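Structure first, then comments.
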Amino acid sequence: MRRSSTFARQVLLVRVGRRDDDLRTTDLALPEHRYADRQRRRYGLDRLSRPPIDATRAEIEAVMPISPALPMVHTDEATAGSIPLLPGERTVARRMKFGVVNACTLASLMLGMLAIFLAMQGEVRLAALCLIACVVFDGLDGALARRLGVASPFGAQMDSLADMCSFGLAAPVVVYASLAGSVSTAAAAVACALVAACAAIRLARFNVSPKDGRFFCGVPTTMAAAVLAVTVAIGLPVPGPVLVAGVALLAFAMVSSFPYAKLARLVKMPPWLWLAPVIGALVDVRLTFALIVVGYLVSGPVLWLRQRRTA
């Protein structure tokens with residue numbers, strides 16, 4: 001009985017010691033620290049030398065990782081100023097080049113505003129010419145940025161905002177002014193609103209999508225605005241309802257997934273292929289322009305079907 005009582009007391013001491021130790025053990029303890037004093041914990045002798053619970057908790061909190069939800073402590077370099085608009089070397093020459101590129105973007109934006117003002121005053125063809133100038137400056141700023149080596153994320157975002165103002169808003173306003181009197185106001189408003197909405201979707205998708213060096217995913221906003229501007233400028237002899245349907249079709253083509261060839265690929269075509277548009281322009285500019293636009297719009301679905309068959 002005496003031996004059994006001693007054995008029961010030893011078992012009780014072992015279980016109590018292990019339970020208390022498990023409550024204080026964390027993942028921060030190393031294996032060698034866990035088993036170094038096994039003999040002391042076996043008989044419950046380490047209870048006399050345990051640190052206070054508050055001290056152990058303070059040690060744990062001192063080495064615990066900080067939660068990402070807590071506000072980050074910024075360094076002096078981060079709080080000194082914002083992210084530079086022009087990454088890379090900050091020289092006067094590069095800043096001047098950067099300013100020239102952004103001046104072209106702002107010129108496109110201002111010409112789009114001028115086109116809206118002219119359309120409101122009834123100068124529809126002059127407003128369409130301003131839109132064509134917007135297209136020129138929009139292509140010029142990107143070419144200059146790449147050539148001068150000052151391309152930046154700021155320039156890309158600014159270009160998208162200017163495109164939305166010039167091609168997503170100014171172009172529909174000019175088209176709406178040109179349709180006045182030929183179709184109902186509601187039909188013209190719906191078609192032009194589709195152009196604005198699809199232009200916004202197209203630009204947002206372009207900013208977040210991976211770039212393809214060969215094809216556009218959908219008709220570019222710049223090209224759609226150029227088509228609308230040239231249509232108004234040359235006075236394409238098309239009935240009003242047909243023109244409204246064409247505007248709506250062009251809007252949906254901007255947000256489609258059909259691949260459309262970029263201008264760089266079109267320029268590299270054999271020279272003899274350019275003879276047909278040139279000769280057609282000498283005969284009838286309006287008919288030639290209409291055929292070119294229709295052929296380009298049809299090329300997207302054709303390339304899409306070809307890719308699906310070869311895949």
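The values are calculated or read from the model by the stated rules, or taken from the named source; none is laboratory data. Quick caveat: nothing in here was measured; it's all calculated off a predicted structure. Glycine also receives a Cβ, built like all others from the backbone with ideal geometry; neighbour counts cover every protein chain displayed. All accessible areas refer to the heavy atoms of the entire protein, side chains included, with ligands and DNA or RNA removed. Shrake-Rupley method; radii C 1.70, N 1.55, O 1.52, S 1.80 Å.
Descriptive notes on the structure:
- Close Cβ contacts (under 7 Å, 6 or more residues apart or on different chains) running from residues in the range 82-106 that are closer than 15 Å to Met158 by Cα to residues that are open to solvent by less than 60 Å² (accessible area, probe 1.4 Å) and among the acidic types (Asp, Glu) comprise Val101/Asp141; Cys104/Asp141; Thr105/Asp141; Thr105/Asp159.
- Within the range 111-139, the only residue that satisfies the criterion of being more than 18 Å from Thr231 (Cα to Cα) and of a type in the set (Asp, Glu) is Asp138.
- Just one of (1) farther than 18 Å from Met164 by Cα; (2) open to solvent by 30 Å² or more (accessible area, probe 1.4 Å) fails for Ser209. It is (1).
- Residue count, the range 144-200 (criterion: farther than 20 Å from Met96 by Cβ and not in a helix (DSSP H, G or I)): 6
- Enumeration of residues in the range 114-143 that are open to solvent by 50 Å² or more (accessible area, probe 1.4 Å), part of a helix (DSSP H, G or I) and either farther than 13 Å from Leu169 by Cβ or modelled with pLDDT of 95 or more (or both): Leu114, Phe117, Arg125, Leu126, Leu129, Ile132, Val136, Phe137, Leu140
- Taken across the range 268-281, residues that are in a helix (DSSP H, G or I), open to solvent by 90 Å² or more (accessible area, probe 1.4 Å), free of Cβ contacts under 8 Å to residues at least 40 places away in the same chain and among the aliphatic types (A, V, I, L, M) do occur, with at least one present.
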